[in-house]
1. Convert each backbone phi in segment 17-33 into a coupling constant with the Karplus relation 6.51 cos²θ - 1.76 cosθ + 1.60 (shift: θ = phi - 60°), then list the ³J(HN,Hα) values in order as whole Hz, x for Gly and Pro.
2. Using r as the Cβ-Cβ distance of residue 30 and residue 10, and R0 as 30 Å, what FRET efficiency do you calculate, to the nearest 0.05?
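What follows is calculated from the coordinates using simple rules that are stated; it is not laboratory data. Since this is a predicted model, take the numbers as computed values, not measurements. Cβ coordinates were reconstructed from backbone atoms using ideal geometry, including for glycine residues, and neighbour counts include every protein chain displayed.
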Amino acid sequence: HWTLLSMSLLNCLLSTACSVGLALAIALTIHGRGMHLVTGCNSSALPADARAAIVTNDCPFNTTRIYDTALALWFPSMVLAAAEAVLSGRCCLSTLIFWGIGPCARSCSKEQV
């Protein structure tokens, strides 16, 4: 029981932190129009909007689709991390119910859990 409680609590905290970090990254990327994604490029040929960025010899990667690709990967990752945090929290709660501790420990039996 101790292992289940500690691992579910740790996973809940890490998943919550991951979800918050991804939300912050998405917000900063949208606010800055993706220019933080192309900071490795020292070219003055880059436009003000990363969505319209062109491939230059000064940039070590292809900048044409980095904005859309980053957001397309970050949104589902944030949703999955939040779902993982919720499921880990429920696992932690069920462990507490098995011990007879928690908000619904008196009304729920071990068979119901």
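1. Result, rounded to whole Hz: 5, 5, 5, 5, x, 5, 4, 5, 5, 5, 5, 5, 5, 5, 5, x, 6.
2. Working: r = 31 Å, r/R0 = 1.02.
Computed FRET efficiency for residue 30 and residue 10 comes out at 0.45.
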